[in-house]
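As structure tokens, the structure follows; a few thoughts come after it.
The values are calculated or read from the model by the stated rules, or taken from the named source; none is laboratory data. It should be emphasised that the depicted structure is a prediction, and the values quoted were computed from it without experimental measurement. Quick reminder, even Gly has a Cβ in these numbers, built from the backbone with ideal geometry, and neighbours come from all protein chains shown.
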Amino acid sequence: MKIHIGEKPFLCNVCEYKCIEKSSLQSHMKIHTGEKSFSCPICEYKCIQKSDLQRHMKIHTGEKPFSCNICEYKCIRKSTLQTHMKIHTGEKSFSCPICEYKCIQKSDLQRHMKIHTGEKPFSCNICEYKCIQKSVLQRHMKIHTGEKPFSCNICEYKCITKSDLQRHMKIHTGEKPFSCNICEYKCITKRYLQKHMIIHTGEKPFSCNICEYKCITKSDLQRHMKIHTGEKPFSCNICEYNCIRKSSLQTHMKIHTGEKPFSCNICEYKCIEKRYLQKHMIIHTGEKPFSCNICEHKCIRKDVLQTHMKIHTGEKPFLCNICEYQCNRKSSLQRHMKTHT
């Protein structure tokens with residue numbers, strides 16, 4: 001009996017699936033039974049259809065028969081190539097009904113919707129970390145295992161993700177593809193540029209619920225909160241120094257090693273941190289970027305200006321614990337204390 005155009009005489013008795021051929025229905029029923037008749041001889045992959053297995057085997061052979069005619073992208077499936085081409089056309093077929101997010105694939109939209117629902121189906125079995133994607137959880141687990149599979153071929157840097165390594169390599173190449181349209185700032189990543197732009201807007205979206213502190217990034221706020229909790233998770237294994245940041249500990253360790261990687265190209269000055277060198281260079285340029293808004297006083301450093309301002313306010317926060325002497329500088333108090341000894 002001939003099948004008319006559009007007719008699908010074979011129906012699934014479990015779901016609404018319809019098809020033209022009996023063999024297609026038989027394949028479909030394996031979805032409901034869980035039967036996977038075809039298995040890979042190399043790995044543990046199993047599937048319902050022979051065509052799925054044939055596609056899978058290309059992973060092992062490295063064969064990528066479908067290639068983009070615009071860039072060097074190659075892939076195993078025609079459907080994957082069709083999705084890739086939307087990158088070049090700018091087509092984003094799927095859009096979020098809640099915000100302005102648009103994307104190329106349905107799976108990306110499904111992932112995005114979890115941001116609005118708050119759903120985080122993947123959780124770490126060691127700590128309380130939860131996330132939206134399985135791949136993100138796999139990355140997180142490397143924090144606990146200490147695994148850093150990606151390493152730099154120039155220096156000793158190692159990291160968890162390929163993207164982190166790609167970012168790091170720009171340090172060696174000097175590449176800074178993201179630039180500010182207001183000032184001359186350039187950087188390695190888009191998120192660094194986004195953070196930088198807040199300097200120009202003056203926006204500080206993160207605020208402390210204990211004091212008036214406000215900041216640009218969530219990580220800065222988390223660090224700040226340790227001031228209130230007193231938490232100093234990083235400690236020196238030579239002396240009793242404890243601190244809030246890992247970078248502060250790394251800088252501190254240079255005191256013990258005597259390492260001073262930053263040096264002045266005019267005089268013999270050397271220092272531990274780049275910011276100290278930048279401050280030092282002002283001595284040679286004669287620049288005094290900090291000025292008093294009451295008198296004509298100008299100075300090199302912000303802390304020196306803050307001390308100067310106490311002359312105008314009359315503030316004398318340093319008190320002698322022996323006599324009634326008060327002053328606006330710690331160094332002045334230390335000098336005064338010698339009169340008692």
Identify the residue in the range 293-340 that is within 29 Å of residue 266 (Cα to Cα) and touching a helix residue (DSSP H, G or I) at 6+ places or on another chain (Cβ under 6 Å) and, among all such residues, is modelled with the highest pLDDT. 297
Quick check on this structure: which one of 252, 228, 200 is in the same structural domain as residue 275 (by TED's automatic domain parsing) and of a type outside the set (S, T, N, Q)? 252
Number of the condition not met by residue 248 [criteria: (1) more than 23 Å from residue 274 (Cβ to Cβ); (2) among the hydroxyl-bearing types (Ser, Thr, Tyr); (3) surrounded by 13 or more Cβ atoms within 10 Å (Cβ to Cβ)]: (1)
Which one of the conditions (1) surrounded by 14 or more Cβ atoms within 10 Å (Cβ to Cβ); (2) among the basic types (Lys, Arg); (3) more than 28 Å from the chain's Cα centre (by Cα); (4) farther than 30 Å from residue 171 by Cα does residue 50 fail to meet, given that it meets all the rest? (1)
Within the bounds of the range 252-264, is there any residue that is outside any helix (DSSP H, G or I) and hydroxyl-bearing (Ser, Thr, Tyr)? yes
Could you look through the range 170-188, keep only residues that are surrounded by 15 or more Cβ atoms within 10 Å (Cβ to Cβ) and not basic (Lys, Arg), and pick out the one that is farthest from the chain's Cα centre (by Cα)? 185
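Being among the β-branched types (Val, Ile, Thr), more than 30 Å from residue 89 (Cβ to Cβ) and part of a loop (DSSP other than H, G, I, E, B), is that true of even one residue in the range 6-18?
Here is the first cut: in the range 6-18, the residues among the β-branched types (Val, Ile, Thr) are 14.
From the residues that got through so far, the ones that are more than 30 Å from residue 89 (Cβ to Cβ) too are 14.
Still in the running and part of a loop (DSSP other than H, G, I, E, B): 14.
Yes: the range 6-18 contains one or more residues that are among the β-branched types (Val, Ile, Thr), more than 30 Å from residue 89 (Cβ to Cβ) and part of a loop (DSSP other than H, G, I, E, B).
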Which residue pairs have Cβ atoms closer than 8 Å, lie 6 or more positions apart in sequence or on different chains, and pair a first residue in the range 316-337 that is over 17 Å from residue 305 (Cα atoms) and in the same structural domain as residue 306 (by TED's automatic domain parsing) with a second residue that is part of a loop (DSSP other than H, G, I, E, B) and hydroxyl-bearing (Ser, Thr, Tyr)? 319/325; 333/325; 336/325
